[in-house]
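Here, each number is a calculation from the coordinates, and none is a lab measurement. Note that this is a predicted model, so its numbers are computed, not measured. Quick reminder, even Gly has a Cβ in these numbers, built from the backbone with ideal geometry, and neighbours come from all protein chains shown.
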Amino acid sequence: MSGVVTTSPSRTEGAPPPVEPTAWSVLGVALVIGALLGYGVSAAYRALDAAPPQVPWLSPATLLVLVAFVALLARSAHTRIQVRRERVEPSRAVVWLALGKAAAIGGAAVLGGYLAYGLSFWTRLEAESPRERLVVSLVAAVAGVLLTVAGLALERACRVPGDEDEENPEDDAEGRAGP
């Protein structure tokens, strides 16, 4: 997974390069950007001497509904592609793959944002309002973790059986491990 695209003999000339799995570094960058934005919102309100916004319970609830949708889609895709080895329309598989990548990256950003926002109230837990912001933000951050995992599962479910064989150069032409 070096990011270098090579031409393989099994690929049709002029075909787009294969899509690489989402790298951990991409998820890390999304997490850091989300954390900077989450902390920035809290710091901006403190700098303006204004009350930071409350995090509504609807936020983690909506994220959890999205997690359930992506996870169910990942399970369905895994069953169709990996277990039953059904042929899936390429356009549908690309949409699933894009949704999986977006969910994984978005979940990492949500995790960072809500975690940083909630933890910015850590020192003021004696008041009810900051404590509620922290609790709801932590629940939303957990939903962000679950969304990232569900997105990665959907992305993995979209792999065409046999993709692993092409990545291992020591495997022979029949897909068996070499001596």
- Message: Let me check I've understood the local charge: for Val149, count other residues with C-beta under 13 angstrom from its C-beta, Lys and Arg +1, Asp and Glu -1. What total comes out?
- Response: +1
- Query: Quick one: if you stick a label point 7 Å off each Cα along the C-beta vector at Arg92 and Glu132, how many nm between them?
  - Reply: 4.5 nm
- Given a Förster radius of 25 Å and the C-beta distance between Arg85 and Thr62 as r, what FRET efficiency does 1/(1 + (r/R0)^6) yield to the nearest 0.05? 0.10
- Item | Along principal axes, Cα extents of segment 78-160, largest first, whole Å | 57, 18, 13
